Amino acid sequence: MKKDGGFECASSVEWRKWVPGKEYRKVLHIKNISRFVQTLNWEKPECSLFYTEFSGPLRLNPGVTATIGLIFKPLKALDYESELHFAATKGSFTVALKGLYSAGHIHCQMLLDFGSCAVSATTQQLFQFTNSGSEATSFKWIVKPPFSIYPKAGQIKPGETVLATCYFSPEKAQLYCAQATCIVLENFPTTMSVNGTGKYTCFQINPSILDFGDVVVGSAQELTFSILNTSNVIANICVDVVEDCIHPCAAVFKLDLTEASILPNEHFSVKVLYSPLSAGSFSAGQIVVTSSSQYGGSLICTGYALRPSVSISSTAIDFGSLAFGSSISSSLLLFNTSKVHVSFQFMVSAASVFKIHPERGVIRPESNLSVCLEFRPGEARNFYSRIFCVVQDQHLLYCDLVGSCFLGTVSFPTLQLPHITKQRPAVVHGFQSASFAGVLENNAPQGSNNMPICAYENSSEFCTSVSGGSSVGDHKIKSQIWLPVENIAERLCIAEEIWEEYFSGRSRQLDFVEISPETLNFGDIPHLQKSEKREVLVRNVSEKTIFCLWQTPDIPWLQEGEHASTVQVVQSKGPWKKEKLIEVFQVSPQEATLSPKSSVTFHVTFAPNEKRKFYVETLDLYMYINSDDSHIRPPYQATIQVSGNSFSSDQQKYLPQAYCFPSILVFPPALQGSCVYQTLALRNQGCTPVRFSFDTSSLSCLFSVKPSQGVLEEKSFHLITVRFEGGNSSSHVANLPCILNDNSNEKILVTLIARSDNPKVELEEGNLILFKPTNVGVPSERTIRLQNISSIPAVFNWIISKEMADVFIFKPHNGIILGNQQVHVTCSFCPTSPKGFRADVSCLIAAVVERSTCNSRHGATVTRFSGPEISKIVAVFQGEGREGSLNIEPRSLELETIFVGFPQRRKITISNPSEARMNYTLSFSSLKETNNEEYKLKFDNCQGSIPSHSSRDVTITFKPNVVSRFAVCISCNTISSMDLEEGRAELMAQCILSAKALFPSLTICGARGEGFSQAQTWRKLRLEVFELLLAEAETKQDVGLKGCQDLFGLGGTFGERWSSSFNFCFGRGHVASKPTVFTLVFKTRNDLPVSWKIRLWNDKDVDLENWVEEPEPVNEKEHVYMNVREQGLIQVFPREGHLNPGENVQIKFIYRHYMEGAHVFPAILQTKNGCALPLMFSGETLYRNFTSVSLETATFTLRPIEVGHTNPPLQTFELRNDGNSEVNYKVDPSPLRNLQQENYGFEVLACLNPVGSIPPNETLLLNWRFQPIEAKCYAVDVFISVEHGEGVMLPIQGVGIDKIAPRGMDHEEKLDPLLTSCEWLCSRELCVWPLLSISLKGCH
């Protein structure tokens, strides 16, 4: 029900379950709910199938309900809708009429627009459709591809609304339009238009290269690159890392995501994590970004895996001589200068007399760890042992330990460290190693202090040595690459020898015996039982007699009274031995002497002294060489490894809880014939010992493990070293099983990934490199690319003949190119003469492998040495040298008149009409004698290079600092690279720049006043003086004032500067009379535009806020100025403006006679970037009845007359009446009579109209006749009286001259040409007579 217009009725009337062709009736109840009687009218429905039983009007009282019959007569099985409109006294309302067919009917929107979508991507939109029928029905959507709708079919209840999804998947970049049809059971289908446009996506990747630099193994570094979607559709992208073709299982670059959607014109950032796995290797990966529209991009990721930097404080310790039964301690420091935790382990045999604590541990980042060493000998003899320290992901460290023990009266030579150094040849090398000899000196730069030492891996520079040979005929070629070397450690040790000694148990140089077998496994032996004897054959392969002594591990040192009942003390043999505890592993005989090329068999037994325990020990064989000389020789050492356990066959062994880290061991690329080493940590997480053994039976012979077996104590770890020997160029992936507790079911698999390779570098441009023709001395550059397609780093060095070394220049000339890396080399062709050049250039390539380490306190620094073989790339470089010239346009630059102090910019064009590129340089010189400070001239590109048949615009900036005429010659010179170094250039073209620099200024071109002629106005205002000041302003920036920087108003400091101001005198006028107005016409004096402004006293440049209090006048002068300003007595219109050259402006100067008295008022005529000319306006206002006359000038100077002239010309003088009434004047004749008497009664000077009247505001000319009788000066003061007013005194001066011949104009002064623009100079009277009057001031 609804209430509207004072009525209450149903909002709609519906007919359901009807049959077409029949008539159906319903009743509509309408109630008047208002308090007034209302008349109700209605119109017929628009649909003729609906109508009422009767028509209105219908009158209803308040509270009365009317019944209106409604008839619906459908014709077809369709839905019908219409409206019945009612109009009443208080308003109107509408009732909806609906004829709904009994079957279901679907209603949905008419259009579904997807807009722009990415090609091959799927976009979805939601829409609703409703069953407006009275019964449930089935539906089915049909639409053509690339559109689809879900749900496609189904059932829908009456009045139910279903939320559906429409998908759009364009396959091409085009417009798609389709009709989606919904088929309904027993009803007409419903259609919906679907539109969409397919567009390709496009994006940009920044940066194109992600260089992670050096990252220590065990750490990670994260960098970010961004993807910008430059298209107007959403881009669905996929980001993938291309697998390493060398190590496909070793992913070092990882992404934080692989899929994303980027909005149009939006950035998206992707994080890349670099976690190096293989120390000493260079990684280069590619990240590929693709979109659904098949558009893609990529970027390169590079990084270098640094080894941790751990060093040892000393490589040798001498414990000295020690009495039997005593012990001595010392210490070592391990320095970790890297920023990661580093694990270490000292490989010390339990049988050794040298004990270390702790044997293993972890060194924190950028810290050190102290290690305690103890020497506790059990026999009286010399002891020497080399102890190795395995550091994870780093090369091996070592320390030589020496000590002696004596007993009683037995004495023997004491072993010291110098003996060790002397007897271990080729172990410690200095810089003068034989491997560095024989290099070509001519390849080293002259005066270079560089040394042929290798690169430090942990430094920012690579310093590489190459020595090797390649056969050319019967000669051997050796080359040396010279690179800068800094911070070289004091000694370098050959790491390969140290690794070999560690792996084999003895040094290769000290390999005197052969031991077979080197490993014994006794298996399960019950507690307190003894195993069968196992044989060990030792054969002397040297030419010396060797004394052999086995040292087996004792049982742990016992405290007093501890396990005394279980320890058996036996009497030891030999004069140097004492009683010792029984051993777990026993060797018999314990000592023997081997003649040269002989052998002896030793028997080893195993007797475990504890239950349920694993035993893995190392037996040390000390060898003493008999020698005829007197030198002290250290004992040499060899080892075998023995193992067993005390578990019985029916006892279950411990459940192991161990793991390996890393589980995937990646080796750096190995050069063929060399070895690379990697370490892994085997960790025991349990509380029981774990025995481990690596099963190498199925492992390739290229891999070897050290140690291959051992025992892990509870909560401890063991560092395992794996070696890979480089063979043929191939990749190797192998699984290394680690069996735990002798249980084949309990094992850990370690994946080994390695590759052996030879360096292979290619020149991508081929073997023929051509350069564009260029002029002599002008370099032509080209970038060539060296691509290392192998995984082995290499060094390169360009070799070129001395004749062509200055023609073809390579940058860099040598360097390192890492595996899978591309190096860009810039080659410059600089011809020395106009001809063709051809050079055969070789690029030597040598492999770079890690072969040495600096085992010092300053760091275990990995160095790089070249391999033994050198390959060569041969290419032909060709270029042609030519000659050319340059042109410069225009040949002359006329700047005309310019502002002083303001820079002017002009362009000149330098063209190269030749066939090759040319270098140029610009210079300038003045054609007049000028000071360097008078002008400044500079170029935006004073030198550069212009390609063939091209041109370049150069902007010249010229700034004059003084008023002058300038003439500057701009020279364009050709210059070569060699000339540039030697300062030589060849003159080619010139351009003359001329200019006239002035200040902007004004000139007076017209003047008039009310009641004055132009000449009268000029004389009354003395404009010739004003014009002189304006002319002076053209050459001087300040005339009278210093730039008007001080305050010009109340509190100003201009009082002392008005002596040089121009007095603008308005004259006199009576109070309340018409204002005195003068109009001056100004125009630009020169070709410069002028921005001018007349600044009146106390003008404010900015509008002050209302709260600002203005200062009060502080003296009488300021009171006068303020009074004139407030009353508006003196005004100027307009006050400011801008004049272009040739334009003029009329300025009105007004003096209003509001107040009696004399008035003065200062002002400043300012021109922008020009002068500041002070003005002083003055005038006088008389009382109403005051009469007076004013003189034309203060002194009347007569024109010179020749003596004896009988009919001289009349000369006139103006008298002006400034009042409002007529003035009667009279010239006093007495002074003239006195002058006549002084000149012999001759009337020298006479006034022809001495009495008369002057009308108001008019001018009268007094006529004078001057007849001199002598050549002298005449002077007289004549008083002119005014009736009923104030008279004036007129001084008169004149000169009588002798009769002379006419003279030309040669005597006239030559004027400054810069001032010839003054118009008033055209009249000689205006410029000469004022000067003459000055010379007559003293004539009386």
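The values are calculated or read from the model by the stated rules, or taken from the named source; none is laboratory data. On a predicted model such as this, the values are computed, not experimentally measured, just so you know. All Cβ positions, glycine included, derive from the backbone under ideal geometry; neighbour counts span all protein chains shown. Heads up: the accessible areas ignore ligands, DNA and RNA and are worked out on the full protein's heavy atoms, side chains in. Shrake-Rupley method; radii C 1.70, N 1.55, O 1.52, S 1.80 Å.
Rounded to the nearest 0.05, what FRET efficiency do Lys422 and Asn265 have when you use their Cβ-Cβ distance and R0 = 56 Å? Display every interim value, and only then the final one.
Numbers: r = 76 Å, r/R0 = 1.35.
The calculated FRET efficiency here is 0.15.
Loop-located trypsin sites (Lys or Arg not before Pro) in the stretch 645-724 (DSSP state not H, G, I, E or B) with no more than 12 neighbouring Cβ atoms inside 10 Å: Lys715. Note on Cys372 and Lys339: their simple-model spin labels are 3.5 nm apart, each label 7 Å out from Cα toward Cβ.
The stretch between Gln1237 and Ser994, if pulled fully straight at 0.36 nm per residue, gains 80.8 nm over its current Cα-Cα span. Placing a pseudo-label 7 Å from each Cα along the Cα-to-Cβ vector at Val1025 and Ser923 gives an inter-label distance of 5.5 nm.
Pull up the DSSP beta bridges for the stretch 198-280 and report the antiparallel fraction as a percent, rounded to 5. Present the calculation step by step, with values, prior to reporting the outcome.
Details: 19 of 20 bridges.
For the stretch 198-280, the DSSP antiparallel bridge percentage is about 95.
Taking all protein chains together and rolling a 1.4 Å probe, His949 ends up with roughly 120 Å² accessible.
In the stretch 1212-1271, carbon and sulfur make up what percent of the accessible area (probe 1.4 Å)?
Of all accessible area on the stretch 1212-1271, carbon and sulfur atoms account for 45 percent.
Derived scalar couplings between HN and Hα for the stretch 722-733 equal 10, 10, 10, 9, x, x, 5, 5, 6, 9, 10, 10 Hz in order, rounded to whole Hz, by the Karplus curve 6.51 cos²θ - 1.76 cosθ + 1.60 (θ = phi - 60°), x for Gly and Pro. Evaluated with a Cβ-only charge set (Lys, Arg +1; Asp, Glu -1), the stretch 752-828 carries a dipole of roughly 80 debye about its Cα centre, given to the nearest 20. Rounded to the nearest 10 square angstrom, Trp499 shows an accessible area of 10 square angstrom against a 1.4 Å probe.
Of the GluC sites (Glu not before Pro) in the stretch 288-375, the ones in a loop by DSSP (not H, G, I, E or B) with at most 13 other beta carbons within 10 Å are Glu366. Among the GluC sites (Glu not before Pro) in the stretch 735-773, those located in a DSSP loop and surrounded by at most 16 other Cβ atoms within 10 Å of their own Cβ are Glu764, Glu765. Under the simplified labelling scheme, the Lys715-Cys969 pair shows an inter-label distance of 9.4 nm, with each label point 7 Å from Cα along Cα→Cβ. Past the 28 Å Cα-Cα mark, which pairs from Lys530/Lys653; Lys98/Lys144; Lys355/Lys613; Lys254/Lys715? Over 28 Å Cα-Cα: Lys98/Lys144; Lys254/Lys715. Rounded to the nearest 0.05, the FRET efficiency derived from the C-beta distance between His1284 and Glu1202 at R0 = 41 Å is 0.45. Kindly identify the stretch 1180-1251 as rounded, prolate or oblate by the Cα gyration tensor criterion: order the square roots of the eigenvalues as a ≥ b ≥ c, call it rounded if a/c is under 1.5, otherwise compare a/b with b/c, prolate if a/b is larger, else oblate. Here the stretch 1180-1251 falls in the prolate category. Amide hydrogen proximity for Ser293: with H placed 1.01 Å from N in the peptide plane, the residues at 5 or more positions away or on another chain lying under 5 Å are Thr201. For the stretch 315-321, backbone phi angles converted through the Karplus equation (6.51, -1.76, 1.60; θ = phi - 60°) give residue-by-residue couplings of 9, 7, 9, 10, 7, x, 8 Hz, Gly and Pro being listed as x.
Near the amide H of Asp79, within less than 5 Å, lie the amide hydrogens of Tyr101, all on another chain or at least 5 residues away, with H placed in the peptide plane. Here the extension length gained between Asn206 and Ser1221 equals 356.0 nm, from 0.36 nm per residue of separation less the Cα-Cα distance.
Could you tell me the relative contact order of the stretch 1185-1224? Use alpha-carbon pairs under 8 Å, at least six residues apart, and round to a whole percent. Relative contact order of the stretch 1185-1224: 63 percent. Listed by chain and number, the lysines whose C-alpha is less than 23 Å from the C-alpha of Lys1074, apart from same-chain residues fewer than 8 away, are Lys1020, Lys1148. Does anything in the stretch 882-916 have its amide N under 13 Å from the 7 Å Cα→Cβ label point of Leu768, and if so which residues? Answer for the stretch 882-916: none.
In a fully extended conformation the segment linking Ser700 and Ser313 would gain 135.5 nm over its present Cα-Cα distance, using 0.36 nm per residue.
Starting from the Cα gyration tensor of the stretch 880-980, take the square roots of the eigenvalues, sort them a ≥ b ≥ c, and report rounded, prolate or oblate (rounded when a/c is under 1.5, otherwise prolate if a/b is larger than b/c, else oblate). Note, shape of the stretch 880-980 comes out prolate.
I'd like the FRET efficiency for Asp1298 and Ser1253, computed as 1/(1 + (r/R0)^6) with the beta carbon distance as r and R0 of 41 Å, rounded to 0.05. Before the final figure, lay out the partial values.
Working: r = 41 Å, r/R0 = 0.99.
Working from the Cβ atoms, E equals 0.50.
Ignoring ligands, DNA and RNA, please state the percent of accessible area on the stretch 614-719 from carbon and sulfur, probe 1.4 Å. Could you put the intermediate results ahead of the total?
On the way: 1930 of 4170 Å².
Using a 1.4 Å probe with all protein chains present, the stretch 614-719 comes out at 46 percent carbon and sulfur.
Scanning residues 5 or more positions from Asn775 or on other chains, those with amide H under 5 Å from its amide H are Arg882, Arg917, with H placed 1.01 Å from N in the peptide plane. Cα gyration tensor of the stretch 1111-1216, axes a ≥ b ≥ c as square roots of the eigenvalues: rounded (a/c below 1.5), prolate (a/b > b/c) or oblate? Verdict is oblate for the stretch 1111-1216.
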